[in-house]
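Here the structure comes first, spelled out in structure tokens, and everything after it is commentary.
The values are calculated or read from the model by the stated rules, or taken from the named source; none is laboratory data. Note that the structure is predicted; figures quoted are calculated from it, not measured. Cβ placement follows ideal geometry from the backbone for every residue including glycine, while neighbour counts extend to all protein chains displayed.
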Ligand code: AMP
């Protein structure tokens, strides 16, 4: 199955792959971790393995950037300014966007939330929405990596402008420099991966998102995975820790 990370951006009219590959067990997961820790890459690998919807709020905001300015709503223009600085977008805007795609949360193949929730307020709102939909989270995977490694990863990260697949100049290089292996799209550096925005993002992570680790630990949903040894090893660890978690 090909992973179109942009699929759910197309909104309510687009349906998931009607036959996700692994329906024996539909996982409903949240992926947590600092920027650059590899959540997006793990989400791609996990989706290939388990199926289901991959929902990335960061992807939505990046896609919204390509909408001409005159067609953007004031809320969207404001959201993009937060993102460009590396700040978190206010909860009200994020929650409205997630609500528009709440059908993905009912996907029979499960879902992977990547980059959402990012604050305790968002986590509480997610809990309420899932309760309304009659759906339960299975686990929250927290990826852990030392800060110096995070900074190196962000500096080398490149993303396909077309299908949003993720590469790294040294750790996960494309076959042809600057071109996506999957769709031949141009590989670009994200605007918010520039050093000044990265500093703001890491601060936002520490103050707003790191507390979610404790939040989900208390709910007995948290599993932790060391993300230091490359995508394949991290993926194996994730699958094995999820099997144990049940
Ligand atoms: P990401 O690709 O997940 O690193 O997200 C890129 C940027 O989008 C973040 O730095 C935020 O500005 C914004 N963003 C994405 N998801 C959220 C969220 N759940 N809450 C607030 N801001 C978000």
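Condition check: in contact with a strand residue (DSSP E or B) (Cβ under 8 Å, 6 or more places away or on another chain), over 20 Å from residue 165 (Cα atoms) and within 13 Å of the ligand (Cβ to nearest atom). Does residue 135 satisfy that?
On the way: in contact with a strand residue (DSSP E or B) (Cβ under 8 Å, 6 or more places away or on another chain): yes; over 20 Å from residue 165 (Cα atoms): yes; within 13 Å of the ligand (Cβ to nearest atom): no.
Against the criterion (in contact with a strand residue (DSSP E or B) (Cβ under 8 Å, 6 or more places away or on another chain), over 20 Å from residue 165 (Cα atoms) and within 13 Å of the ligand (Cβ to nearest atom)), residue 135 does not qualify.
Out of curiosity, is residue 58 in contact (Cβ under 8 Å) with a residue 12 or more places away in the chain, out of contact with any helix residue (DSSP H, G or I) (no Cβ under 6 Å at 6 or more places or on another chain) and under 27 Å from residue 27 (Cα atoms)?
yes
Identify, please: which residue in region 62-85 is surrounded by fewer than 12 Cβ atoms within 10 Å (Cβ to Cβ) and either more than 17 Å from residue 204 (Cβ to Cβ) or more than 10 Å from the ligand (Cβ to nearest atom) (or both) and is, among those, nearest to the chain's Cα centre (by Cα)?
Looking at the filtered set, the residue picked out is 66.
(1) touching a residue at least 60 places away in the same chain (Cβ under 8 Å); (2) more than 21 Å from residue 206 (Cα to Cα); (3) assigned to a helix (DSSP H, G or I): which one isn't true of residue 40, the others all being true?
(2)
Tally up the residues in region 190-214 that are more than 24 Å from residue 156 (Cβ to Cβ) and in contact with a helix residue (DSSP H, G or I) (Cβ under 9 Å, 6 or more places away or on another chain), please.
3
For residue 226, which of the numbered conditions (1) more than 26 Å from residue 88 (Cβ to Cβ); (2) at pLDDT 90 or above fails to hold?
So residue 226 meets the others, but not (1).
Mind listing whichever residues of region 112-131 are buried (at least 20 other Cβ atoms within 10 Å of the Cβ) and either within 11 Å of the chain's Cα centre (by Cα) or without any contact (Cβ under 8 Å) to a residue 24 or more places away in the chain (or both)?
112, 113, 114, 115, 116, 117, 118
For residue 135, only one of the following conditions fails: (1) in contact (Cβ under 8 Å) with a residue 60 or more places away in the chain; (2) outside any loop (DSSP other than H, G, I, E, B). What is its number?
That leaves (2) as the condition not met.
Hey, residue 135 hits all of (1) more than 25 Å from residue 246 (Cα to Cα); (2) surrounded by fewer than 19 Cβ atoms within 10 Å (Cβ to Cβ) but one; which does it fall short on?
Of (1) more than 25 Å from residue 246 (Cα to Cα); (2) surrounded by fewer than 19 Cβ atoms within 10 Å (Cβ to Cβ), only one is false for residue 135: (1).
I need the full set of residues from region 47-61 which are part of a helix (DSSP H, G or I) and within 16 Å of the ligand (Cβ to nearest atom), in order please. Don't jump to the end; show me each part of the working.
Restricting attention to region 47-61, the residues satisfying the condition of being part of a helix (DSSP H, G or I) are 47-50, 57-61.
Result: 47, 57, 58, 59, 60, 61.
Going by what's in this entry, would residue 58 be described as on the phi > 0 side of the Ramachandran plot and in contact with a strand residue (DSSP E or B) (Cβ under 9 Å, 6 or more places away or on another chain)?
no
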